[in-house]
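Every read-out reported here was derived from the displayed coordinates using simple, explicitly stated rules and does not represent laboratory data. Since we're looking at a predicted model, the values are computed, not measured. Note that we place each Cβ from the backbone using ideal geometry, even for glycine, and neighbour counts take in every protein chain shown.
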């Protein structure tokens, strides 16, 4: 259950960016999570609620954008959707494959309400 | 103000890796290890897979050739660091409390306390857990996952991220292979499906059998630094 630590880091990044940009209210945080990043989306959502409870980010919504996995065969260069981390090429049956997409774990953008208006 | 609809919302592009802070610290650790020609291993695996016994065997085989330092990660207590201290290796215990893995900052602090000498071997025993430690880079050169025959030959498939991120895999407790339904060939094939680059060693750390190939690979890696 490392999602709480990840959620706390997302809250920290949000605070850093908001401070830098002079923003007082962040309504939404958009995060990219690859399906092979080792994160359970539901757990990350509830962890984010826990991490931001009673803070200025309490009402901030976490939007999780799931990124599907892509693997590439190093032998025949075929790209395919792997079965989790099972990366056996469906074209030539080679084991020599690499995950090229699906391990993302990043804060993509923030949406803020400009409270100075 | 938003140019599309006139609302007072503003979108800010961030594009920051959530693990970036840990990865930057890990890079600092690795730079320090490289500058002192220290070989750093991150040992991971389930609780009870035999990591500590395997580390002790490794220390016994190499302590006459190089200085060895161990960072011991456990949720609570110092049982493992007490065992390792008896080999003469320098040990620093990290208790993570409710934390389920070590991170690069904790390792950095422990390294400062240990102050390892040049050309040393640094073994980091992660918290016993086949899931979370896979995500956190510590600055190691080798990621070693220890799994034992009593856990079953299907573990690489069931806990794929750990085996996918590892560089070396130790199949441990081979002395028990006659007593449990473990198919060594099936295990190796499962490992290949998850990670074709993985270097695999089958040993019994308790009996000290078949350790030579692993020890030789470490000697070679130490010589290359």
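Summary of computed values
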| item | result |
| --- | --- |
| The stretch B:118-175, Rg to Rh (Cα coordinates; Rh as Kirkwood inverse mean 1/r) | 0.98 |
| Rough spin-label spacing in nm, given labels placed 7 Å along Cα→Cβ, for residue B:189 and residue A:81 | 2.7 |
| Translational D in µm²/s for the protein assembly as shown (Stokes-Einstein at 10 °C, 1.306 mPa s, Kirkwood Rh from C-alpha pairs) | 73 |
| DSSP beta bridge pairing in chain A, given as percent antiparallel to the nearest 5 | 65 |
| Listed residues B:192, B:11, B:92, most fluctuating in chain B (Gaussian network, C-alpha, under 10 Å) | B:11 |
| Global form of the stretch A:68-117, assessed from the alpha-carbon gyration tensor, a/c cut-off 1.5 | prolate |
| Taking N as its residue count, the alpha carbon Rg of the stretch B:99-225 over 2.2 N^0.38 Å | 1.11 |
| Nitroxide proxy distance, nm - points 7 Å out along Cα→Cβ at residue B:64 and residue A:20 | 5.5 |
| Whole-angstrom Cα spans of the stretch A:1-112 along principal axes, big to small | 54, 28, 15 |
| Order of A:85, A:95, A:48, B:147 - criterion: other Cβ atoms within 10 Å of each residue's Cβ, fewest first | A:95, A:85, A:48, B:147 |
| Least to most buried among A:54, B:154, B:175 (fewest other Cβ within 10 Å first) | A:54, B:154, B:175 |
| Nearest-0.05 FRET efficiency for residue A:96 and residue B:115, computed from C-beta distance (R0 30 Å) | 0.15 |
| 5 Å-binned pair-distance histogram of chain B (Cα, whole percent) | 1, 7, 14, 18, 19, 16, 10, 5, 3, 2, 2, 2, 1, 1, 0 |
| Proxy reagent accessibility, fewest Cβ within 10 Å first, across B:149, B:180 | B:180, B:149 |
